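Data first, discussion second: the structure below is written as structure tokens.
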Amino acid sequence: MKEIKVGIIMGSASDLPIMKDAKEILNDFGIESEVQIVSAHRTPEKMVEYAKSASKKGIKVIIAGAGGAAHLPGMTASMTTLPVIGVPIKSSNSIDGWDSILSILQMPNGIPVATVALNGAKNAGILAARIIGATDKSVENRLTSYAEEMKAKVEKSQNQID
């Protein structure tokens, strides 16, 4: 069994259509991850347990997606020393997503949460891979290949309009 390196958590199952992008890109980089529904408001005990036990399970990075008041990333970060990447989600009760963005972005000093764009779970997965790639050469090599593939796509696009 492979070691899970990234924990992907979200406030509710309705966040899964966005958060699956993090899981998919991590799979592409060969990084094991797990997905859990962990609500800061509806299952606070589960959130506390998850945050406090993640590093003992071998998790190196936590990606936390949340909409609305979006407390999950910050509360998780307050209970672990692991890097936490927040994904603000435009949910049915969001105010155009700005409530989620600001709830995750405006953390107090001492409790950092890296924040990606609204619904930016793919970038959260790439950022988690970069964090892991800082000490894992095989992941670093996959990231380099990924960057080269993106470059080639841009060049191909340019060639199609020239």
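Quick note: the coordinates plus some simple rules give every number you see, no bench work behind them. Being a predicted model, the structure only gives us computed values, none of them experimental. Heads up, the Cβs are rebuilt from the backbone with ideal geometry, glycines too, and the neighbour counts pull from every protein chain shown.
A few points about this structure:
- A single member of SER92, SER138 is within 25 Å of ASP28 (Cβ to Cβ) and in contact (Cβ under 8 Å) with a residue 60 or more places away in the chain, and it is SER138.
- Filter pass, ILE111 being within 21 Å of LYS60 (Cα to Cα) and among the aliphatic types (A, V, I, L, M): yes
- Selection of segment 1-45 for residues being within 19 Å of LYS56 (Cβ to Cβ), free of Cβ contacts under 8 Å to residues at least 12 places away in the same chain and not in a loop (DSSP other than H, G, I, E, B) yields only GLU45.
- Number of positions in segment 1-58 that are hydrophobic (A, V, I, L, M, F, W, C), under 11 Å from the mean Cα position of the chain (by Cα) and within 23 Å of HIS71 (Cα to Cα): 8
- Verdict on LYS57 being among the charged types (D, E, K, R) and either closer than 18 Å to ALA117 by Cβ or touching a residue at least 60 places away in the same chain (Cβ under 8 Å) (or both): no
- Looking across GLY125, GLY74, one residue alone is touching a Lys or Arg at 6+ places or on another chain (Cβ under 8 Å) and in a helix (DSSP H, G or I). It is GLY125.
- Test: residue in segment 90-108 that is under 30 Å from LYS2 (Cα atoms), over 10 Å from the mean Cα position of the chain (by Cα) and buried (at least 21 other Cβ atoms within 10 Å of the Cβ): no
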